[in-house]
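The values are calculated or read from the model by the stated rules, or taken from the named source; none is laboratory data. The model shown is predicted, which means the values in this text are computed figures rather than measured ones. All Cβ positions, even for glycine, are placed from backbone atoms using ideal geometry, and neighbour counts span all protein chains on display. Accessible surface areas use protein heavy atoms only, side chains included; no ligands, DNA or RNA. Shrake-Rupley method; radii C 1.70, N 1.55, O 1.52, S 1.80 Å.
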Amino acid sequence: LCTSHSTRHLRDELLASLLEDPRLRLSGSRDQRLPHHISLLASDDAGRALSGRALVREMAQQGVAISSGSACASGHDEGSSVLRAIGLNAEASKSGIRISLGPWNNPSELPLVQERLSRSLDRLQRR
């Protein structure tokens, strides 16, 4: 069974690899967060916000389940009030994605998530 410590290690490993992509940036504190939680903002190469909801759909087509915005705004299209509260504008607040990790995750899956997220960002950018 995956413990909080091992989940935190998986999270940190995945986060480090995802942040190598300049189109992704961490929202919130790197240290003050739940051990299973990653919250990112997605943009294109020019720094323009991409739709978190569209990114969720792209990832689902590739077999990876992520969420958009904050849990408080799940299912709403107006962006995350939580992301707005930390100072993001309306457009940027719609670019948030969440990745949750748990006992079902395996370290061997991490490179696949990074690869598929990068591919999804490429696809969205071409639209």
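Can you find a residue in region 65-85 that is part of a loop (DSSP other than H, G, I, E, B), closer than 20 Å to Gln125 by Cβ and modelled with pLDDT of 80 or more?
Checked region 65-85: at least one residue is part of a loop (DSSP other than H, G, I, E, B), closer than 20 Å to Gln125 by Cβ and modelled with pLDDT of 80 or more.
Hey, among the residues in region 1-50 that are within 17 Å of Glu109 (Cα to Cα) and small (Gly, Ala, Ser), which one's least open to solvent (accessible area, probe 1.4 Å)?
Here the answer is Ser17.
In region 86-99, which residue that is part of a loop (DSSP other than H, G, I, E, B) and either polar (S, T, N, Q) or at pLDDT 80 or above (or both) is surrounded by the fewest Cβ atoms within 10 Å (Cβ to Cβ)?
The residue in question is Asn89.
Filter region 29-42 for residues that are of a type in the set (Gly, Ala, Ser) and within 14 Å of Ser68 (Cβ to Cβ); which is modelled with the lowest pLDDT?
So the first thing to find is which residues in region 29-42 are of a type in the set (Gly, Ala, Ser), and the list is 29, 39, 42.
Remaining after also requiring within 14 Å of Ser68 (Cβ to Cβ): 39, 42.
Numbers: Ser39: 92, Ala42: 96.
This residue is Ser39.
State the number of residues belonging to region 1-53 that are assigned to a loop (DSSP other than H, G, I, E, B), in contact with a helix residue (DSSP H, G or I) (Cβ under 8 Å, 6 or more places away or on another chain) and polar (S, T, N, Q).
Residues in region 1-53 being assigned to a loop (DSSP other than H, G, I, E, B), in contact with a helix residue (DSSP H, G or I) (Cβ under 8 Å, 6 or more places away or on another chain) and polar (S, T, N, Q): 2 in total.
Of all residues in region 100-127 being of a type in the set (D, E, K, R) and either open to solvent by less than 70 Å² (accessible area, probe 1.4 Å) or not in a loop (DSSP other than H, G, I, E, B) (or both), which is modelled with the lowest pLDDT? Spell out how you get there, then give the answer.
Residues of region 100-127 that are of a type in the set (D, E, K, R), as a first pass: 109, 115-116, 119, 122-123, 126-127.
Adding the requirement that they be either open to solvent by less than 70 Å² (accessible area, probe 1.4 Å) or not in a loop (DSSP other than H, G, I, E, B) (or both) leaves 109, 115-116, 119, 122-123, 126.
Working: Glu109: 91, Glu115: 97, Arg116: 97, Arg119: 96, Asp122: 96, Arg123: 95, Arg126: 88.
It comes out as Arg126.
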